[in-house]
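Novice: Sharing a structure, written as structure tokens. Questions coming.
The values are calculated or read from the model by the stated rules, or taken from the named source; none is laboratory data. What you are looking at is a predicted structure, and each value in this text was computed from that prediction instead of being measured. In this analysis, Cβ positions are derived from the backbone assuming ideal geometry, glycine residues included, and neighbour counts consider all displayed protein chains.
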Amino acid sequence: MNEAALCDFYGQSALIERLEADFRSGQFVHAYLFVGPRGVGKRSVARLLARIALCTGADKPCGACGPCVRFLTDNHPDVHTLRPEKSLGVDDVRELIGALQLRAFEGGLKVAFIERADRMTPQAQNCLLKTLEEPPDGTLFFLLTDAPSALLPTIVSRCRQVNFHPLTQEQECARLARLGFSPERAALLAQLSEGSVGEALAISGDEGYLPLRERVMRAFFDLRGPQDVLSAGAGLKEDKENAERILDILERLLRDAMRAQAGLGRVAEASAGYEAFAARMELSASLRLLEQVALARKMRGSNVPFATVLEHLLLSASKEIHQTCQR
Ligand SMILES: [Zn+2]
């Protein structure tokens, strides 16, 4: 699938049409902030727009000119991508800015993609801010994030913000069916991925996802109280490689429970404890728990060991969940 087809597939066709028109007519600003959950097409749209801006062909993006070919094979010398695993430090940003200050190799624009921009440390953000305020000639920034609140307001205000929205479950089911998933599988994937086709495909291709979800669900929601925290965390703590996924899954379980409470469907594949939580929880409890997950991510960004992060999270969760389930 080419990028334009992908963008349509993600359900962002109206948004992309507007942006494409801006870029074709050269009416673009130097920094964009794409905000939306993972897997809804932010990256595909950013790449498509960058290609339009770099293309020297007539029908942009032509896919055949030098810049297009080099872009598509990840060999364009004026395209820089930062894609942090955990956090993005000031040195990475400095290096990027250094590269952007050089003359463009191809004589055109220089493009910087900063994926998961919220993972920039405050220092890194301050360093980037100066460049966003006074960008070197001919630079184009795409900052991508699913957590804009982790960005300094000054960074946000220097960028043109574009919001990406997830699909409804029906829309997502229909798209997954087009890809050949059975109706039952499509319905489950749509529920687990919250309107994000990219996430649905990632989950579907990942055999470990459902078993891990089950473990997270049991560890957090089948707790009987703080006394269970140590035993509940025992299996997960060692799973450092899955730390991010564990936090993602917990966050998703909480949002799913909130949706179920609001009468927007039922929770999928639930354990007894999770089902009870979803039926009885109060909105404020879920919001407090979501805050705790955000805090856990911050702790990880500051290199706190995952075992400590998880224990902290389980302790605060055990209180809320226990209280909810006692009602
Ligand atoms: Zn081209």
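Novice: Take Val29 and decide whether it is part of a loop (DSSP other than H, G, I, E, B) and modelled with pLDDT of 90 or more. Give the derivation first.
Specialist: On the way: part of a loop (DSSP other than H, G, I, E, B): yes; modelled with pLDDT of 90 or more: yes.
It is true that Val29 is part of a loop (DSSP other than H, G, I, E, B) and modelled with pLDDT of 90 or more.
Novice: Also: Inspect region 107-124 for any residue being more than 18 Å from Val29 (Cα to Cα), free of Cβ contacts under 8 Å to residues at least 24 places away in the same chain and within 16 Å of the ligand (Cβ to nearest atom) and give the result as yes or no.
Specialist: For region 107-124, residues more than 18 Å from Val29 (Cα to Cα), free of Cβ contacts under 8 Å to residues at least 24 places away in the same chain and within 16 Å of the ligand (Cβ to nearest atom): present.
Novice: Can you give me the ranges of the helices (runs of 4 or more DSSP H) entirely in region 217-323 with at least 1 residues that are under 26 Å from Ala190 (Cα atoms), among the β-branched types (Val, Ile, Thr) and in contact (Cβ under 8 Å) with a residue 12 or more places away in the chain?
Specialist: By residue number, 243-261, 283-301.
Novice: Moving on. Can you pull out the residues in region 65-89 that are within 14 Å of the ligand (Cβ to nearest atom), surrounded by 18 or more Cβ atoms within 10 Å (Cβ to Cβ) and either assigned to a strand (DSSP E or B) or of a type in the set (Lys, Arg) (or both)?
Specialist: Once the filter is applied, which keeps residues that are within 14 Å of the ligand (Cβ to nearest atom), surrounded by 18 or more Cβ atoms within 10 Å (Cβ to Cβ) and either assigned to a strand (DSSP E or B) or of a type in the set (Lys, Arg) (or both), region 65-89 yields only Val79.
Novice: A further question on this structure: Among the residues of region 27-64, count how many are at negative phi, surrounded by fewer than 17 Cβ atoms within 10 Å (Cβ to Cβ) and within 13 Å of the ligand (Cβ to nearest atom).
Specialist: Residues meeting the conditions: 6.
Novice: Test Ala124 against the criterion of being farther than 30 Å from Gln191 by Cβ, buried (at least 20 other Cβ atoms within 10 Å of the Cβ) and touching a Gly at 6+ places or on another chain (Cβ under 8 Å), and give yes or no. Spell out the reasoning first.
Specialist: Working: farther than 30 Å from Gln191 by Cβ: yes; buried (at least 20 other Cβ atoms within 10 Å of the Cβ): yes; touching a Gly at 6+ places or on another chain (Cβ under 8 Å): yes.
So Ala124 fits the description; yes.
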